[in-house]
1. For the chain, what is the mean residue ellipticity at 222 nm derived from helices alone (per DSSP H run of n ≥ 4: -39500 (n - 2.57); sum divided by total residues; nearest 500 deg cm²/dmol)?
2. Please give the FRET efficiency for Arg112 paired with Val473, using the beta carbon to beta carbon distance and R0 = 35 Å, rounded to the nearest 0.05.
3. Ignoring ligands, DNA and RNA, what percent of the 1.4 Å accessible area of region 3-54 is carbon and sulfur?
4. If packing is taken as the average count of other Cβ atoms within 10 Å, what order do 381-393, 276-288 fall into, highest mean first?
5. So who's got an amide H within less than 5 Å of the one on Phe211, skipping anything under 5 residues away but keeping other chains? H placed 1.01 Å off N, in plane.
6. Kindly report the accessible area of region 258-459 per residue (heavy atoms of protein chains, probe 1.4 Å, no ligands, DNA or RNA), in Å².
7. Along Cα→Cβ, 7 Å out, is where each label goes; now give me the distance between the ones at Arg338 and Arg64 in nm to one decimal.
8. Might you tell me the accessible area per residue for region 3-54, computed with a 1.4 Å probe and given in Å²?
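The values are calculated or read from the model by the stated rules, or taken from the named source; none is laboratory data. Note that the structure is predicted; figures quoted are calculated from it, not measured. We place every Cβ from the backbone using ideal geometry, glycine too, and count neighbours over all the protein chains shown. Accessible surface areas use protein heavy atoms only, side chains included; no ligands, DNA or RNA. Shrake-Rupley method; radii C 1.70, N 1.55, O 1.52, S 1.80 Å.
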Amino acid sequence: MALAQKGEVDLRELAARALALHREDIHAVVVARRSLDARKGRPMGYRLRLDVHVGGVVATTRQRPKPEPVKKPMRVVVAGSGPAGTFAALRLAEAGVRVTLAELGKDVRSRRHDLAALVRRGQLDPTSNYCFGEGGAGTFSDGKLYTRAKDRARVNEVLEILVEHGADPSIQVESRPHIGSNKLPVLLAAMSAHLESLGVEYHWSDPVVGFRGDGGRVTVSKLRSGLEIPCDRLVLAVGHSARSTYEWLLEMGVAAASKPFAIGARVEHPQPLIDRIQYGAMHGHPLLPSAFYHVTASVRVGGNERGVYSFCMCPGGWIVDSSTEHGRLATNGMSLKRRDSPFANAALVVTVEPGDVAAWGRSAEDPLAGVAFQRAVEERAYELGGGGFVAPAQNLLDFLKGRATTTPGRSSYRPRVVGADLAEALPDLVTHALRAAIPRMDKTMWGFKTSEAQLVGVETRTSSPLRILRDSVTYESLSHKGLFPCGEGAGYAGGIVSAAIDGLAVADAILRGT
Ligand SMILES: Cc1cc2nc3c(=O)[nH]c(=O)nc-3n(C[C@H](O)[C@H](O)[C@H](O)COP(=O)(O)OP(=O)(O)OC[C@H]3O[C@@H](n4cnc5c(N)ncnc54)[C@H](O)[C@@H]3O)c2cc1C
């Protein structure tokens, strides 16, 4: 369907023509799927999948089935209120389980103040920031809901639950659904309120700092306030930046292992340039959204093939400071629903294997080696920025030529950026891989490699550098009965939707085990 205002197109007429029917025979047409087709060399427009109802009545949407009520009382402590923890808590509470949700960070309202202090004055609260607090890392995120998760039924269930809590129903139809950083906090606060109405007990700014067991099974969860909560199960949904939690888990002998992750920097282009590259002559058309892109390349560095790719691309977005520790700087990206900032940004990252980080570990198999590696890169980036969470920035062509940038271009990053040579912060294997990959990416997206673009960063929190090992059927820790590693922090998810799916799966496994 050509670019047209919603409602401008008579879908019934369209369906009648496509099905060789009379318009009057069609009772109703519902858009089941909508995706923008902006491929070059053909008219730009939207591809629609329509549900066409001929004669009779339109099938009403079914109610989301609720879980069977538990047969005997059960108490579960959930650590973390991100998508994984929140969806696990919802499922358990709907089954009548008594749920206590402990969160390291603050509720969404207080969290906003802490983000303002970080963005305006470079003042970081290590417990309340872009990664930690009500709703987890997803709250002030871009809110992109597209996922590589294959289980469509689970994906649809997550989208359905988000719509139940106030998300725009279009997220169930769009091929690349996106909520936006200004809408998500409201939605996640609505979810918390609903969970409280189901009896979920929240403890803000009071993280789980340990547990006690009996006969090798978790029986008590300990919060930082000293509160000890008897529980039958403990769900660990702590996110990819829960470094202090990883440390006490390993001290307690919880089974874990290093896993691959990715590191790089954020690349920022003027959005109009990306629109011109992606939409060609149609750029600027009022019905076209800010254009997005995805670029990848495989390059040889140090005798190994390395994957280099763009990640978490934010059209019309902002680069944000997703640091969680003093003296260590990390970036990420977000955009508001309307995606109207003059900048386009994405993480440009290189795959890092356990073998690459082993030297940073306390021993050969140290699961925390990746965390030590991330910290070292973030410390150098912080120093390169000169402190106060000012970010180092480098013109893309300067980076390719190995020369420092003295005067950086305008950037969406706050508080601000300074000129630098990012190779002084990034590990050599990452610098070499990026330098080899960017010219190749320019071949698939001509114009990507430009003096109008700059790298800002560093991007280190793309996923968890370790996996907390669990049984693939029961989802229970391999070392501790009653402990359920969950979501991105446990190494089983990447992104809002897949973390929520993992939360539902862990809750279902707990309910199955009752
Ligand atoms: C700025 C930004 C933008 C992003 N944009 C997108 C996007 O557009 N689309 C997308 O799919 N993904 C995005 N992501 C990634 C996405 O947010 C995460 O993949 C997702 O939130 C992971 O969910 P989770 O529940 O596993 O963990 P998290 O969301 O990280 O939540 C974990 C929670 O646990 C808490 N916690 C930590 N330790 C403890 C403890 N010991 N006890 C209790 N609580 C604890 C933390 O404070 C945190 O609130 C973005 C991330 C960031 C930071």
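1. Taking each H run of at least 4 residues, the total per residue is -8500 deg cm²/dmol.
2. 0.30
3. 49 percent
4. Those peptides, ordered most packed to least, come out 381-393, 276-288.
5. Placed amide hydrogens put Lys222 under 5 Å from Phe211.
6. 38 Å²
7. 2.9 nm
8. Result: 68 Å² per residue.
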